Amino acid sequence: CFRALKLIKRSCLPSVPTAGYASATSVPRITTHYTIHPRDKDKRWEGVNMERFAEEADVVVVGGGPAGLSAAIRLKQLATEHGKEIRVCLVEKASQIGAHTLSGACLEPRALEELFPDWKERGAPLNTPVTEDKFGILTKKYRIPVPMLPGLPMVNHGNYIVRLGHLVAWLGEQAEALGVEVYPGYAAAEVLFHEDGSVKGIATNDVGIQKDGAPKATFERGLELHAKVTIFAEGCHGHLAKQLYKKYNLRENCQPQSYGIGLKELWTIDEKKWKPGRIEHTVGWPLDRHTYGGSFLYHLNEGEPLVALGFVVGLDYQNPYLNPFREFQRWKHHPSVQPTLEGGKRIAYGARALNEGGFQVI
C-alpha cells in the first residue's frame, strides 16, 4: 500500500526544478545544545573554550517579575531583621527590569502593603485608584449591565489601576537598594543538578552565536550560579519549570493546567471621553458560548488621557477558525466600545500567555 501511494504521489505532483533552489547540503545547520547537531560533534566548535565561570550565592531567583522580585526583597528584609547577611541573585531575560512585563493591570495593594507598608512614601507608581466599576454581558448590538454587588470577585473598590511594567521596574529599584544583585539581560538557559539529583542552580545563556549556530569571535559561555536555594519565578509555561515537572514528577495527580492568550493595547483618547479610575469588564460577544474569554478597559491617570484595553481568549477553544486577534478587533467595534476609541491613537500593544487553571492545578 505504501509503495502504491508513493507511486501515485510521484505521478501526480509536478517535479520541482533544482535551479535556484538551495541543496540540502547548503542549508545552514542550527547548532544548539538540544538539536540533532550537538556542539561536541560539530567541527565549527572545535577548539572553542566551553568552560563556564561559576558563582556561589545563598539564593538564586529566576525571573524579574512581581513574584520573583517580591521573593528576593522579602528574603533580604528577613535577613536584615535577623542580623544575617545573605547573597541573593536575580536573573531576568529582559534587557531591563519590567521590559517583558505585560498586564492590564488592576492591583489589590494588600501584598504590596505587607512588603512595603510605606509604599506611598517610597513613590510606588500606583497613580490611579479605582473610582468606578462596570461589568457587562455583550450581545452583537447591546450591552447588558450586571450589578456589582459587594463581595463579588469583580468588585475593585480599594484597588489601583497600574501599568505593571512600571511597578516591576520600581520593585527592581527597591530590591537593589536592599542589596539584591539584579542581572537583567541574562536568560536562565539550563537547570544544574547535584549528583544526588537535587537542584544545584542555573546556567545563563551563551552569547555570540550566529543564526546558523556557529560561534562568533565574540562568543562567551554562560555563567553558572550555584545556590543553596533556587526559586523559579519564570511566569506562565516557563521552560525550566517544565524540565522540573518532568524530572520530579511534579504534575502527578494534579489537574492539568489550562492557558489563555491575553492581547493588550494602550491608547490615547479624546480627553472628553477620559474617565480616570474607571474599570470596565465584559464577557460574551464576539465569543460564542463554548469559548472562555472576556475583555477589560481601564482608564489610567498618568497625566494624559490613556486607556489600557485588552481581550483574553482561553486556548482550549474548539473552533479551528477562531482567531483571538480578530476577535479582539471585532470587540473594539462593538457599539459600547467603539465610541471611546474613535479619534484616539494606539501607541503600544503586546500579548502574553496566561495561566487560567487557578489554585486547583497547583
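General remarks:
- Value in Å of the Kirkwood radius, where the range 220-362 supplies the Cα pairs that are averaged: 18.0
- In summary, the aspartates and glutamates within cross-link reach of residue 345, defined as a Cα separation below 13 angstrom excluding same-chain residues under 8 places away, comprise 265, 270, 271, 304.
- Partners for residue 43 among lysines (Cα-Cα distance below 27 Å; same-chain residues under 8 apart left out): 211, 216
- The aspartates and glutamates whose alpha-carbon is closer than 14 Å to the alpha-carbon of residue 76, local same-chain residues fewer than 8 away aside, are 58, 85, 173, 176, 181.
- Note on the chain: GNM, Cα springs under 10 Å; of 330, 52, 44, the largest mean-square fluctuation is that of 44.
- Kirkwood-Stokes translational diffusion coefficient of the range 287-351, alpha-carbon pairs, 4 °C, 1.567 mPa s, µm²/s: 97
- Cα centroid separation, the range 47-65 to the range 210-250: 9 Å.
- Theoretical ellipticity at 222 nm over the chain - DSSP helices of four or more residues, -39500 (n - 2.57) apiece, nearest 500: -6000 deg cm²/dmol
- Separation of the residue 51 and residue 351 label points, Cα + 7 Å toward Cβ, nm: 4.6
- Sorting 107-115, 249-257 by average packing, meaning the other beta carbons within 10 Å per residue, from highest down gives 107-115, 249-257.
- Taking the fewest neighbouring Cβ atoms within 10 Å as the starting point, the ordered list for 53, 232, 193, 328 is 53, 193, 232, 328.
- Per residue, the convex hull spanned by the Cα atoms of the range 144-213 measures out at 305 cubic angstrom.
- Remark: relative contact order (the chain) = 20 percent; criterion is Cα-Cα distance under 8 angstrom and separation of 6 or more residues.
- Pairwise alpha-carbon distances in the chain exceed 27 Å for 61% of all pairs.
Any read-out appearing in this document is the output of simple, stated calculations on the displayed coordinates, not a laboratory observation. Not measured: the values here are computed from a predicted model. For neighbour counting, all protein chains shown are included, and Cβ atoms are generated from backbone atoms with ideal geometry for every residue, glycine included.
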